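Undergrad: Dumping the structure here so I can ask a few things about it.
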Amino acid sequence: MSWTKVAEEVLSEDSRQVVKVGKRKVLLINHSGQLYALDNACPHLKLSLKKGKITSDGAIVCPWHRSVFDLKTGEAKDWTTWPPVVGKAMGMISKPKPLSVFPVKIEEGSIWVDIEEQ
C-alpha cells in the first residue's frame, strides 16, 4: 500500500472535504462517524459529488444525475440512464459504472488515503 497524507486534522461528523492526490480529486466524507474516501467525479460526466445527498443506508446520490453509489464499495445501486433524445454519444456513457473508493485511515490525528496517482 502507498498511503498519502491528505488532511492534517480529522473531519468533524457529517462533513466533507475535497483533497487532491496527484491529478485526482478525492472526496472525504465523515458520515455518522465513519470516514470514506471516493473519487469526487460522478462516472456519468465527471461532475463533482461534493454536494450529493448521503442516504440513511450509506450511499451518495449524484446531485447532477441522481445515480446512487454505495459509500463502502462504490457500487452503482441505482443508475440514472440518459433518455434516448440526447443521442447515441450519451447512450454510450449510460451503462452503470462503479465509483472509485479508496482505503482511508486516521493516524496521529491526520487523514491518510491509499491511492495510486494517475
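The values are calculated or read from the model by the stated rules, or taken from the named source; none is laboratory data. The model shown is predicted, which means the values in this text are computed figures rather than measured ones. In this analysis, Cβ positions are derived from the backbone assuming ideal geometry, glycine residues included, and neighbour counts consider all displayed protein chains.
Undergrad: For region 1-68, list the strands (runs of 3 or more DSSP E) that sit wholly inside it and hold at least 1 residues that are in contact (Cβ under 8 Å) with a residue 60 or more places away in the chain and touching a Ser or Thr at 6+ places or on another chain (Cβ under 9 Å); which are they?
TA: Where strands (runs of 3 or more DSSP E) fall fully within region 1-68 and carry at least 1 residues being in contact (Cβ under 8 Å) with a residue 60 or more places away in the chain and touching a Ser or Thr at 6+ places or on another chain (Cβ under 9 Å), they are 3-7, 15-21, 24-31, 34-39.
Undergrad: Next question, about the same structure. Considering each residue of region 69-107, count those that are more than 18 Å from Ala37 (Cα to Cα) and either in a loop (DSSP other than H, G, I, E, B) or at pLDDT 85 or above (or both), and give that number.
TA: Final tally of qualifying residues: 11.
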